[in-house]
Amino acid sequence: MGKGIHALLSGMDLQSDPQKKEEVVKELANTVAEIPIEAIETNPYQPRVEFEPQALEELSASIQVHGLIQPITVRQMAPGRYQLISGERRLRASKMADLSEVPAYVRLANDQEMLEMALVENIQRQELNALEIAQTYQRLLDECKLTHEGLAKRVGKGRSLITNYLRLLKMAPEITRSLRDKEITKGHAMALAKVNGDVAVQLSILRQVKNLKLSVRATEALVTRHLEGDTNKAGKTAKPRLTDDYQRVQDSLCSDLGAKVELKLKKEGRGQIVINFGSTDDLNRILELLEQ
């Protein structure tokens with residue numbers, strides 16, 4: 001390390017000597033190096049694609065005054081060239097602040113390890129919305145071949161919490177749009193996620209949340225009453241379960257109409273479509289949709 005960090009990083013062709021590269025990067029693992037911004041390429045596996053302009057401007061202003069306090073993480077691709085592993089928001093804000101160099105940790109990572117490191121760090125960020133967290137969990141499961149138990153250990157969360165987040169990805173588009181548009185909060189969405197697989201009930205509760213401006217606690221109570229009602233009905237004769245094809249039709253109608261819709265099947269392919277409405281205004285809304 002006597003040559004200094006810059007000499008160690010730029011003066012050796014580490015790509016041609018994998019063993020030496022590994023030794024050097026291990027030495028640098030806990031050492032912060034100042035790396036030219038123009039030498040850093042963005043991470044193609046960056047899980048986050050949207051960055052709020054105002055938040056970036058605020059971070060950039062802070063960096064102009066205090067500098068970049070938390071280093072980014074990179075890996076060396078070639079002598080004098082680096083690829084971002086994590087910290088794209090910090091890198092973007094540093095460019096806005098006209099910094100020529102940024103502090104960085106250097107890591108040795110193959111593509112999958114790089115992706116996992118970026119995703120795990122991404123989950124820890126406070127400003128992520130619930131959908132972004134759920135999508136990141138799903139990517140860790142799919143692309144990094146993690147089990148639910150392995151994922152829970154990686155991110156330091158309980159398996160039940162991860163399961164609830166993943167349920168957000170299976171809810172009706174109207175619910176995910178409401179969450180993305182901040183018409184409901186993460187707490188509301190997590191409560192709705194407990195109504196697993198019943199789109200009609202989810203949409204019915206969603207309408208009540210929005211129309212009555214229910215708090216998260218009130219929403220949780222509403223969901224609990226529904227779940228307890230299902231438990232109480234367990235001893236009674238259960239209605240026939242819809243086949244997958246009919247269930248998809250029912251779910252599609254629920255989503256399109258924003259109402260609880262029930263398909264009631266009888267013999268020989270006959271049956272009924274029952275559309276529930278909560279008020280005269282709700283009925284008029286549904287009628288307008290049907291006319292269209």
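The values are calculated or read from the model by the stated rules, or taken from the named source; none is laboratory data. Since we're looking at a predicted model, the values are computed, not measured. Here the Cβ is made from the backbone with ideal geometry for all residues, glycine too, and neighbour counts use every protein chain on show.
Close contacts from segment 54-78, counting a first residue that is farther than 9 Å from Ala97 by Cβ and a second that is assigned to a helix (DSSP H, G or I) and aliphatic (A, V, I, L, M), with Cβ to Cβ under 6 Å and a gap of 6+ residues or different chains, come to Leu56/Ala93; Ile72/Leu91. Within segment 248-278, the residues that satisfy the criterion of being free of Cβ contacts under 8 Å to residues at least 24 places away in the same chain and within 22 Å of Arg177 (Cβ to Cβ) are Arg248, Val249, Ser252, Leu253, Ile275, Phe277. Is there a residue being more than 28 Å from Glu132 (Cβ to Cβ), in a loop (DSSP other than H, G, I, E, B) and at pLDDT 85 or above anywhere in segment 60-74? There is no residue in segment 60-74 that is more than 28 Å from Glu132 (Cβ to Cβ), in a loop (DSSP other than H, G, I, E, B) and at pLDDT 85 or above.
Filtered by the rule that a residue be closer than 14 Å to Val201 by Cβ and surrounded by fewer than 17 Cβ atoms within 10 Å (Cβ to Cβ), segment 247-271 gives Gln247, Glu262. When residues in segment 136-195 are screened for being touching a residue at least 60 places away in the same chain (Cβ under 8 Å), outside any helix (DSSP H, G or I) and surrounded by fewer than 14 Cβ atoms within 10 Å (Cβ to Cβ), 0 of them pass. Tyr246 falls short on exactly one of the conditions (1) at pLDDT below 85; (2) hydroxyl-bearing (Ser, Thr, Tyr); (3) more than 20 Å from Ala259 (Cα to Cα), and that condition is (3).
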